[in-house]
Amino acid sequence: MSKSVHSLDDGFLALPLSALADAALARARALGAEHADFRLERVRSAALRLKDAKLAGSTDTTDLGYAVRVVHGGAWGFAAGVDLTMDAAARVAARAVAMAKLSARVIAAAGADERVELAPEPVHAEKTWISAYEVNPFDVPDADKTGLLTEWSERLLAAPGISHVDASLLAVQENKFYADTAGTSTTQQRVRMHPELTAVTVTDSGDFDSMRTLAPPAGRGWEYATGTGWDWDEELARIPGWLAEKLAAPSVEAGSYDLVVDPSNLWLTIHESVGHATELDRALGYEAAYAGTSFATFDQLGTLRYGSGLMNVTGDRTAEHGLASIGYDDEGVQAQSWDLVREGVLVGYQTDRRIAKLTGFDRSNGCAYADSPAHVPVQRMANVSLQPAPEGPTTEELIGEVERGIYVVGDRSWSIDMQRYNFQFTAQRFFRIENGRLAGQLKDVAYQATTTDFWGSMSAIGGPETYVLGGTFSCGKAQPGQSASVSHGCPSALFRNVNILNTTQEAGR
């Protein structure tokens with residue numbers, strides 16, 4: 001059980017969870033399924049959006065339904081429904097079996113003989129898990145949420161030079177019940193939030209730029225918006241000055257620089273160059289939608305030099321407040337933490353039960369997830385995080401080691417190829433470093449590298465006090481497309497001799 005002060009939602013528990021599961025699993029078993037699982041979800045999602053301190057839109061939706069997935073005759077079958085009766089659940093199970101039979105015929109007609117087999121998993125009977133949060137955002141009146149976003153927006157609009165402000169608040173409560181024919185049954189509840197503001201400056205000459213808050217989405221409740229886990233007052237007070245300085249900053253001179261990369265930027269580089277690259281379904285070529293395949297192919301496990309010896313990266317579904325943290329995944333696998341890169345060498349992947357069995361692992365590391373009761377679980381990213389140095393330096397000490405370089409803060413745009421190898425990233429703010437000190441902002445900056453060159457150039461890594469859990473509320477994968485939230489923790493880190501582009505010159509302007 002996580003450290004949440006809450007109990008499972010009474011309204012969710014009042015649904016006929018076990019009765020529907022029993023009806024569906026019994027029908028699947030009677031029709032000859034080798035494996036069957038039942039998943040009932042209620043996902044409530046809300047969004048508030050303000051433009052210049054005025055409410056511009058709001059949504060509050062609930063997705064309720066269930067799914068049955070089977071392995072029958074060595075093939076997958078899947079079906080979903082919304083009718084919460086035992087007869088309907090049994091019919092959905094029968095449709096899943098029928099789909100598996102059809103899939104088996106299609107596979108045979110194609111001349112393939114690969115059978116679906118699942119890596120073993122201990123039975124977890126009647127387990128519950130609740131994410132760590134203090135105040136459920138859905139217990140807070142919308143007027144209070146709108147009022148806080150309005151007050152924040154007005155604070156920014158009152159600052160010199162701020163022309164417009166966009167504000168938004170996303171909140172999700174996700175309840176899942178899972179049961180399978182092996183005897184596992186789990187009931188879980190997760191809450192996550194993402195408040196965000198963007199300030200825009202438009203000058204009399206027509207120049208413009210923007211800057212947004214760096215507070216990452218988090219597996220927290222309403223307390224996140226009121227000061228727990230982020231200092232909103234400080235960030236909102238400093239954004240107007242940072243934005244004015246950025247607009248007046250000199251354009252960067254392209255070339256090679258040492259970079260100190262802040263966690264607010266580095267999380268995205270980890271997501272794109274390590275997180276997606278170590279999804280084993282991509283590395284095997286089974287999945288290419290949205291993020292492509294991977295240069296980190298399975299034959300290089302244990303030998304690929306991913307980065308410097310300082311690089312230690314974990315996959316983790318247990319991190320407190322992590323967006324991908326769970327108690328059990330959508331295949332009934334208990335949450336785990338494991339090494340992906342150890343001392344710079346690729347040593348692990350993210351797996352689900354089918355991919356784990358296919359590649360000879362004893363057990364899945366619990367990365368199956370479906371974003372809706374109408375969708376089949378697919379292998380999704382865990383919280384993939386770069387570990388800090390136990391006695392590592394502060395960010396200021398890392399900057400102090402640089403004679404001529406750039407301090408990179410906050411994520412913005414990026415580009416990476418479909419094997420997760422050649423990339424470039426921009427940022428919210430780039431500060432010039434001269435003789436170990438910050439010397440004002442630069443603009444038109446992007447850093448460019450290959451994945452292995454970039455991580456190989458990491459020469460120092462910050463201590464635990466520099467570690468921040470960043471992340472994204474929405475990472476896409478699969479066809480039909482699914483969305484998942486995921487966190488990436490990292491410290492500040494120093495990279496030597498990284499290629500810097502002038503984005504204005506690259507654009508031919």
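The values are calculated or read from the model by the stated rules, or taken from the named source; none is laboratory data. Not measured: the values here are computed from a predicted model. Note: ideal-geometry Cβ built from the backbone for every residue, glycine included; neighbour counts use all protein chains shown. These area figures cover heavy atoms from the full protein model, side chains too; ligands, DNA and RNA do not enter into them. Shrake-Rupley method; radii C 1.70, N 1.55, O 1.52, S 1.80 Å.
Some observations on this one:
- Test for A104: is it closer than 27 Å to R27 by Cα, assigned to a helix (DSSP H, G or I), of a type in the set (A, V, I, L, M) and touching a residue at least 24 places away in the same chain (Cβ under 8 Å): yes
- Qualifying residue in segment 14-28 (condition: modelled with pLDDT of 95 or more, under 22 Å from A368 (Cα atoms) and either basic (K, R) or assigned to a loop (DSSP other than H, G, I, E, B) (or both)): no
- Residue count for segment 412-437, restricted to those that are closer than 29 Å to A215 by Cβ, open to solvent by 60 Å² or more (accessible area, probe 1.4 Å) and aromatic (F, W, Y): 1
- Among (1) without any contact (Cβ under 8 Å) to a residue 24 or more places away in the chain; (2) in a loop (DSSP other than H, G, I, E, B); (3) more than 30 Å from A132 (Cβ to Cβ), the one test that S308 misses: (1)
- Contact annotation: residue pairs with Cβ atoms under 6 Å, 6 or more positions apart or on different chains, pairing a residue in segment 412-423 that is without any contact (Cβ under 8 Å) to a residue 40 or more places away in the chain and under 17 Å from G470 (Cβ atoms) with a partner that is open to solvent by less than 60 Å² (accessible area, probe 1.4 Å) and assigned to a strand (DSSP E or B), are R412/T426; R412/A427; R412/Q428; S413/T426.
- The selection criterion, being of a type in the set (S, T, N, Q), open to solvent by less than 20 Å² (accessible area, probe 1.4 Å) and over 22 Å from V135 (Cα atoms), holds for T201.
- Residue in segment 428-444 that is within 24 Å of E279 (Cα to Cα) and modelled with pLDDT of 95 or more present: no
- Every residue from segment 346-383 that is part of a strand (DSSP E or B) and free of Cβ contacts under 8 Å to residues at least 60 places away in the same chain: A368
- Extreme residue, most open to solvent (accessible area, probe 1.4 Å), among residues of segment 114-142 that are in a loop (DSSP other than H, G, I, E, B) and within 30 Å of S58 (Cα to Cα): E134
- Within segment 441-478, considering residues that are within 18 Å of the chain's Cα centre (by Cα) and not in a strand (DSSP E or B), the one surrounded by the most Cβ atoms within 10 Å (Cβ to Cβ): A478
- When segment 29-43 is filtered for residues that are among the aliphatic types (A, V, I, L, M) and not in a helix (DSSP H, G or I), the ones remaining, listed by number, are L31, A33, A36, L40, V43.
- Apart from one condition, L17 fits all of (1) open to solvent by less than 40 Å² (accessible area, probe 1.4 Å); (2) in contact with an Asp or Glu (Cβ under 7 Å, 6 or more places away or on another chain); (3) not hydroxyl-bearing (S, T, Y); the exception is (2).
- First in segment 253-282 and on the phi > 0 side of the Ramachandran plot, second anywhere and at pLDDT 95 or above, Cβ under 9 Å, 6 or more apart: G255/N499; G255/I500
- Residue in segment 492-509 that is basic (K, R), within 30 Å of R190 (Cβ to Cβ) and either without any contact (Cβ under 8 Å) to a residue 24 or more places away in the chain or open to solvent by less than 10 Å² (accessible area, probe 1.4 Å) (or both) present: no
- Meets criteria (in contact with a strand residue (DSSP E or B) (Cβ under 8 Å, 6 or more places away or on another chain), buried (at least 16 other Cβ atoms within 10 Å of the Cβ) and either at positive phi or not in a strand (DSSP E or B) (or both)) for A46: no
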